[in-house]
1. Whole angstrom only: what separates the Cα centroid of region A:62-120 from the Cα centroid of region D:67-86?
2. Summing Lys, Arg as +1 and Asp, Glu as -1, what charge do residues with Cβ under 12 Å from the Cβ of residue D:86 carry, residue D:86 excluded?
3. Enumerate the calculated ³J(HN,Hα) couplings along region D:110-118 in order (Karplus 6.51 cos²θ - 1.76 cosθ + 1.60, θ = phi - 60°), each rounded to whole Hz, writing x wherever the residue is Gly or Pro.
4. Work out the mean other chain Cβ neighbour count within 10 Å for the residues of D:120-126 and drop it here as an integer.
5. How large is the dipole of the protein assembly as shown about the Cα centre if only Lys and Arg carry +1 and Asp and Glu carry -1, each at its Cβ, rounded to the nearest 20 debye?
6. What percentages make up the Cα-Cα pair-distance distribution of chain A when the bins are 10 Å wide from 0?
7. Quick one: plug the Kirkwood hydrodynamic radius of the protein assembly as shown (C-alpha pairs) into Stokes-Einstein at 4 °C, 1.567 mPa s, and report D in µm²/s.
8. Averaged over B:49-55, how many beta carbons belonging to a partner chain fall within 10 Å of each residue's beta carbon?
4 protein chains.
Amino acid sequence: MSYTRQMLETYPRDYGVDSDKLVACIDACYDCANACTQCADACLSEEGVAHLVKCIRLNADCADVCLATGRILARQTEYDANMARTALEACIQACSSCGDECEHHGGMGMEHCGVCAEACRSCEQACRDLLTAIN
Amino acid sequence: MSYTRQMLETYPRDYGVDSDKLVACIDACYDCANACTQCADACLSEEGVAHLVKCIRLNADCADVCLATGRILARQTEYDANMARTALEACIQACSSCGDECEHHGGMGMEHCGVCAEACRSCEQACRDLLTAIN
Amino acid sequence: MSYTRQMLETYPRDYGVDSDKLVACIDACYDCANACTQCADACLSEEGVAHLVKCIRLNADCADVCLATGRILARQTEYDANMARTALEACIQACSSCGDECEHHGGMGMEHCGVCAEACRSCEQACRDLLTAIN
Amino acid sequence: MSYTRQMLETYPRDYGVDSDKLVACIDACYDCANACTQCADACLSEEGVAHLVKCIRLNADCADVCLATGRILARQTEYDANMARTALEACIQACSSCGDECEHHGGMGMEHCGVCAEACRSCEQACRDLLTAIN
């Protein structure tokens, strides 16, 4: 069992969100943040780095938004639904923009972009699932 | 002249955003992130910390969103308007929620909350100004 | 297979670090960052929050250092050993300080602190293992 | 007066660090983090981006370490000298590595690297001053 779930199960108060969707979304945010950081770095090591500038930029943005969102979702004390909602919307947008760009390069043989696109799509879906649950 | 403006003036390409509003917003995001981090810490040092739990939690969220937003706005290469817009909307929400809570405690004699409320209000306004300019 | 390993296996250049230790350390940094963020939040929900102020503070520091370290380690391009080393040393210190404090409260019945202490100990060990490997 | 100083002046407890050096160091950490984020972005917009890969990588690391250090220093509650010391040491290393690389490119006509080198040098010095004061 992941620490995320263990921490949630030892949380001292009730919380109003579906715990499976919450754990999945927090974990997806951290996984995607890390994949994006690694993808930006891998792009910098490619000979054709000049063609990957947009990918590197979106990777950096997506990592930042995913980390902020994962941290906000991890906080259940004095939960603020508007805060969670706008963070999730920003995260869905970041994962969508970055996922599109990575998928494009993944289809042209950049394997790390293909893996990162998967991480972005998973995170986008986990955010959508949680957003639906809290609306 | 701040580094933010100097860096923008030496940026090698054109960018489509009003530079005064952009510099003001980036600086406000970092200032607010720092004020919120300091306010959470000051709240932890108050005897009545149990009454400041919501403030500490919103401070932490607001700092995270402001930093992510400040970093995204600082990137002008392959600018993605949707990314900027949703980040700004999340930041406006965070500054509004945190600013309301801090203002409340500021009015009851918590001076650090009063200062932090100012930082939140300034950042919220700078984000609104930039959001209007890019829409 | 985690994204961390998949990303590393599709990295386009050679890198000079043991890949098992590197993957373990990156994952441990993100896991610990998240556990600490959740522990700080759980502490804020405890009735005896006033006795958990030190824990909340160290949780926040440890989360920040772990995230910075995880991100630095994820970057293998133009690898800078001194950067990696000092980041790992700061991370070992943060995990040690936070782990001690969490372990103390875990032993007194705060279950979330007990889980967080485990995450801190694992991360500290993963950092030590990697530091030994790169020295 | 900056928010950093106002927040420190309304902090409810005593703290054992020289306040001028503390404020200078926190502000320098945030300024340097932002300059590095902007420099990485400006490098990505240069035609010769392939020659700036090391600079982009060190910019990213330096921004991460500066933010973590700035946040740790902003927390005075239950101050942990070992935490502050190792964070400052990592920050000095990051600013030194990144400052060297930026200075090199600044001397070859990359103006944004020259400005960023200044931000790195200032932050390195502010960290050294504070480290001396707390040792």
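Derivation of every value follows stated rules applied to the coordinates shown; laboratory data play no part. This one's a predicted model, so the numbers in the text were calculated from it and none came from an experiment. Here the Cβ positions follow ideal geometry from the backbone for every residue, glycine too, while neighbour counts run over all protein chains shown.
1. Between the Cα centres of region A:62-120 and region D:67-86 lies a distance of 29 Å.
2. Once all neighbours under 12 Å are counted, the net charge is -2.
3. 3J(HN,Hα) across region D:110-118, in whole Hz: 7, 4, 5, 5, x, 5, 5, 4, 4.
4. Across the residues of D:120-126, the mean count of other-chain Cβ atoms within 10 Å is 0.
5. 0
6. 14, 43, 27, 13, 3, 0
7. Taking Rh from Cα pairs, D becomes 58 µm²/s.
8. 4
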